[in-house]
Structure formats: structure tokens, C-alpha cells
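Let me begin by presenting the structure, written as C-alpha cells, before commenting on it.
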Amino acid sequence: MSMKNILCIGAGYVGGPTMAVIADRCPDIKVTVVDINERRIAAWNSDELPIYEPGLEEVVKRCRSRNLFYSTDIPKGIREADIIFVSVNTPTKTFGAGAGKAADLQYLEKTARSIVEHAENGKIVVEKSTLPVRTAQAMSRILHSNTKNLKFQILSNPEFLAEGTAIRDLENPDRVLIGGMETPEGEAAIEELVSVYARWVPRERIITTNLWSSELTKLVSNALLAQRVSSVNSISALCERTEANIDEVTGAAGKDSRIGPKFLKASIGFGGSCFKKDILNLVYLCGHYGLPEVADYWEQVIRMNEFQSRRFVGNMLAAMFNTVADKRIAIFGFAFKADTGDTRESPACSVCLQLLEEHARLNIHDPKALGNAKLDLEGATGEINYLEDPYEAAEGAHAIAVMTEWKSFRELDYRRIFDSMEKPAFLFDGRNILDHAALYEIGFNVYPIGKKA
Ligand code: NAD
Ligand code: UGA
């Protein structure tokens, strides 16, 4: 049998790692990843991959030029493919009807149209991007508008990887979800994709459903995860007023097996490219389907997240005698979480902008995200320095604000840092990762989230 060809359109945070793992686990399949962004493709073909993800480089180096290829030749990729994954970005619409909530599907539609244009035979088209429920209906209409009488099967196969653990999540997923049409052709297409994942994922973890359940499950999974963070963060505010300790509360509540211990960490708020956009998308869909109460319910998860970062800056101001004007503040971490250089929707960005509005001077340090931080804060008014060295970032500062839970922040010499700072020296731990008692002993004024130092 000839080698099967898989094409992925969209070489981003999802398409890149996902296809690398498929290529790694399926040496008999040729995997090609294409993108309109030439710089990104060049980076995937170089020693400097366009995204940082633990373990990714090893997998890419193992497979590249063996059965994993990165290219900008989209027409050729489409012509040769048996299965096409669509993994393009689906950001929140910024214009027109549904602006600020609905998903902007222009990239998806353009992709579908280029498949129609270049395909010479029928194919399985897999929605890998996160999409509004019932998108497959629109995809099907576009794909079947072809005049070549080609038949396409559309599958929904949402991705559940989290950044920073993408390779681990892909190699050992809790579940793989595949939705398809409930017709013999649909079921055959589902089975074909199941047979790809079944090379390394136990069969019982591969769930098959109808198309609409699969599309909706992705939005619901992210909404439920974000809701947990907002729930905990709302309670962290109450802890600060009542001397309850958020870590003790979530530690004890999470012991209930129905609640579970994961995703209960208080923080400055959730970030990342997806939680906010996917909940907004859900909110929009609920409104569209005539369910305003359901829309309001989920919108509150986002309101609470915004409240948490405002509250954090409010706490900083209150502690620092109601002014940070002209004070130097060391920002430890700009990525939206540890082990990634991604800063999309990072709460650190919102905190920095609020501090700049207060005329603070910022020294930003992050082990992987300084490049993206510079782009995010381009055009922001005020003094901003970007420093590779955390000690330099803290030198002469009035305060440190921990924004990202990088492990390296726990390993710093805080005595040395304290000695180099202005006094009184403040430390605001927006991730509750440091040893607060030890910092207090050194002399810091320590402000964790949802508890006393
Ligand atoms: P991304 O922006 O990193 O990558 C998308 C890529 O698609 C870009 O490189 C862009 O140039 C390319 N693209 C856009 N239009 C194109 C076209 N017409 N032809 C070819 N390439 C095109 O986005 P991402 O983070 O990889 O997310 C992709 C999708 O996956 C989104 O729907 C997102 O919600 C979903 N998702 C993301 C994550 C995550 O952790 N980032 C996890 C699960 C699901
Ligand atoms: C999230 C989901 O976890 C993935 O399953 C999903 O595939 C992905 O979104 C997506 O659709 O894009 P990701 O955003 O990469 O993954 O990272 P998470 O680990 O979910 O963290 C999201 C944010 O919540 C981060 O800012 C993190 O610091 C914050 N968080 C997470 C908390 O503040 N507290 C927690 O207990 C957990």
C-alpha cells in the first residue's frame, strides 16, 4: 500500500506540535504542514523553531525530512493529501456583526476555498481548530460547492493540548475526540482517523460522537476549565478579607473526589489565546440561539478574570502607599503560564499596562517570552526595560511582581535581590509560588494571592 498523506493547514501552536507527534508515531504516514506565513515555515525548517515547547525540538528533529515536512506550497499539499487537518487561527471577531464575541472564521473559510480550488479527488477534512458548534455545516457547503463533483467527509477532532505540556498531552492524551456524520461514509471517515490515533492512544480513550457534540465539547471543556479558575480567584478575594487561606481552602475542597485537586490554583487570572475567546464564542452562540441567561452566566467567568487582575494592581497600589508613580517595578514573568514563550492574552500584559497608567517604570524579565513581551507592549507609553537577568531586573526596584509560575523564580537568591532593592521592598506573588515565610524573614513586605504571607 502506498504511504498515506496527511496535510495540516496552519503551522501554529497546535498544527506544529500535533503533526510532529503524528509523524513520530506513524512512520508510514507522510505528514506535511503548510502555512501562508513564510517566516514561520522557514523557522520550522531551521534550528530555531517558531515556538518553545518542552520536548518539541527532539520530536521535530527526529522526524523532519523523514516523514515530516514544512512547506508554503499549499496547492501541492492539498493535491497530494488523503486527510487534511485544518488548524488555522479562529480569533474573536473585531469588526461587524458579533464583534468582540463571535469567532472570526475568515481564515477557516479561505482554507476551505483553497481546498475546493486545488483538490483533484475527494478527501477527509478534519476541523482541528476550535470552532463554533455547527461550523461543519458551513464547511460542507463550501467544500461541496466544487464543480468537480468531489465528495468530502468532514470530521471534528478538537485539540485539547495545553501549552507548556503539549508534547506530553499529545503523546498521552486523556482522550481524543472525533466527531463525524452519522452516515456509512461518515462512519468510515471516523474509523480512518481513529486508525491513525490508535497507533499510540488506547482505543478506549478515543471517543467518537456526532459532529455537533464534538464541536461543542471543545468550547465546553475550555469554559469549564476557565470557570474553575475564576471560581477560585473569586474566593481568593474573599479570603483576603476574612483571613481564610485560599491554598488551604482549595486544598481541602479539592480532596473531595467529585471536585478533584487540579486547576484550583489562585492566580492573577487566566490567560492564553483560547479561554477568553472560546468563552466569548460560547456566549455569542448562546445569545444567537436565544438563551440570554446562559450567555450571561458564562460571561461572568470573563468578568471575574478581569476583576482579578484589576484587584491585583489595586492591592499593589494600596500596599505601596497609594502611588507607584516613578517607582521601578520588576515584573517576573510575562508568559501567560510557565514553560511557554506565548504571551497571548497574558494577565501580565494587563497588569503592566495598568502599572504604566500609574506611571510606574517597568523592568520586565521572562526566561522565554521577552521577544513577545516587546511586541505586546510596542506603543505603550512609559519606561519599559527588558532584561534577561532577573537580578538586574530587581536592582533598584521598589517592588517585584510575580506574573508567571516559572520554576526558575523559586530558585533565585532572594537575599541578594532584597539587598539590591529600594526599601521597603515589596513582593507581590501573583502565582503563590514562592516561600513567603522565608521572604518575610529576609525583610520583604510579601503579598500573596488569597492569603497572608
Ligand atoms: P496560531 O495562530 O499559532 O496558528 C495558526 C496558523 O494558521 C498561523 O501560522 C497562520 O499563518 C495560519 N493560517 C491562517 N490562515 C491560513 C490559510 N488560509 N492558509 C494557511 N495557513 C493559514 O494558532 P494556534 O494557537 O495554533 O490555534 C489554532 C487553532 O487551534 C485555534 O482555533 C485555537 O483555538 C485552537 N487551539 C489552540 C490551542 C493552543 O494551545 N494554542 C489548543 C487547542 C486548540
Ligand atoms: C487550555 C486548556 O487547558 C487546553 O486543554 C486547551 O486545549 C487549550 O486551552 C486551548 O484550547 O487553547 P492553555 O491555555 O495552553 O490550555 O493552558 P492552561 O494550562 O489551561 O492555562 C490557562 C491559564 O489558566 C493560564 O494563564 C494559567 O496560568 C491559568 N491557570 C490554570 C490558573 O490560573 N490556575 C489554575 O489552576 C490553572
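On full extension of the chain, what length is gained from His359 through Asn45, given 0.36 nm per residue of separation minus the C-alpha to C-alpha distance? Walk me through the intermediate numbers first.
Details: separation 314, 0.36 × 314 = 113.04 nm, distance 4.27 nm.
Once the chain is fully extended between His359 and Asn45, it gains 108.8 nm.
Computed as a quarter of the hull surface, the mean projected area of the alpha carbon convex hull for segment 51-152 stands at 8.3 nm².
Give me the net charge of Arg328's neighbourhood, meaning all other residues with Cβ under 9 Å from the Cβ of Arg328; Lys, Arg count +1, Asp, Glu -1. Mind showing how you got there, number by number?
Numbers: positive: Lys327, Arg361; negative: Asp326, Glu383, Glu395, Glu422.
For residues surrounding Arg328, the net value is -2.
Checking the cross-link pairs Lys101/Lys368; Lys30/Lys218; Lys337/Lys451; Lys218/Lys255 against a 23 Å limit on the alpha carbon distance flags Lys101/Lys368; Lys30/Lys218; Lys218/Lys255 as lying beyond it. If R0 is 30 Å, the Cβ-Cβ spacing of Ile207 and Ser257 corresponds to a FRET efficiency of close to 0.85. Taking GluC sites (Glu not before Pro) across segment 350-453, the ones in a DSSP loop with at most 16 further Cβ atoms lying within 10 angstrom of their Cβ are Glu378, Glu383, Glu388, Glu422.
Over segment 165-310, the pair-distance histogram of Cα-Cα distances with 5 Å bins from zero comes to 2, 9, 14, 15, 16, 16, 13, 9, 4, 2, 1, 0, 0 percent, rounded to whole numbers. Taking 18 Å as the cut-off, the amide N atoms of segment 420-437 that come nearer than this to a point 7 Å along the Cα-to-beta-carbon line of Asn385 belong to 420-423, 425-426. Kirkwood hydrodynamic radius of the chain, from the reciprocal of the average inverse Cα-Cα distance over all distinct pairs: 23.6 Å. Using a 10 angstrom Cβ neighbour count of at most 15 plus a DSSP loop assignment to flag exposed trypsin sites (Lys or Arg not before Pro), which longest range of the chain is free of such sites? Maximal segment without exposed cleavage sites: 263-451. Each helix, a run of at least 4 DSSP H residues, gives -39500 (n - 2.57); summed and divided by the residues of the chain, these come to -13000 deg cm²/dmol at 222 nm. Neighbour counting of Cβ atoms within 10 Å sorts the residues Asp339, Asp256, Asp435, Asp366, fewest neighbours leading, into Asp256, Asp435, Asp339, Asp366. Spin-label pair Leu238-Arg310: with each label point 7 Å from Cα along the Cα-Cβ axis, the two points sit 2.0 nm from one another.
Please give me the summed charge of the neighbours of Asp73: other residues whose Cβ is under 12 Å from its Cβ, Lys and Arg +1, Asp and Glu -1. Each step should come with its number before you reach the end.
Details: positive: Lys76, Arg79; negative: Asp35, Glu38, Glu80.
Local net charge: -1.
When each full DSSP H helix of the chain is screened for a Cα extent of at least 27 Å along its own axis and an average Kyte-Doolittle hydropathy of at least -1.0, the helices passing are 211-242, 292-319. Going through segment 150-259, which GluC sites (Glu not before Pro) have at most 16 other Cβ atoms within 10 Å and a DSSP loop state? When the GluC sites (Glu not before Pro) of segment 150-259 are filtered for loop state and at most 16 Cβ neighbours within 10 Å, Glu182, Glu243 remain. By other beta-carbon atoms within 10 Å, ranking Ser273, Ser221, Ser129, Ser346 with the fewest at the front produces Ser221, Ser273, Ser129, Ser346.
Sort largest first and round to whole Å: the equivalent ellipsoid semi-axes of segment 297-387, each the square root of five times a Cα gyration tensor eigenvalue. Before the final figure, lay out each step's value.
Numbers: eigenvalues 80, 75, 23 Å².
Semi-axes (√(5λ), whole Å): 20, 19, 11.
Rounded to 0.05, the FRET efficiency of the Asp326 and Phe95 pair, given R0 = 45 Å and the Cβ-Cβ distance, is 0.70. Would you please name the chymotrypsin sites (Phe, Trp or Tyr not before Pro) within segment 266-320 that are DSSP coil residues with at most 15 other C-beta atoms within 10 Å of their C-beta? Of the chymotrypsin sites (Phe, Trp or Tyr not before Pro), the ones in loops of segment 266-320 whose Cβ has at most 15 other Cβ atoms within 10 Å are Tyr289. FRET efficiency for the Asp435 to Ala138 pair, using the beta carbon distance and R₀ = 35 Å, is estimated at 0.10.
Coordinate-derived values only; no laboratory data. For clarity, every value in this text was computed on a predicted model and none was experimentally measured. As a convention, Cβ positions derive from the backbone with ideal geometry for all residues, glycine included, and neighbour counts pool all protein chains shown.
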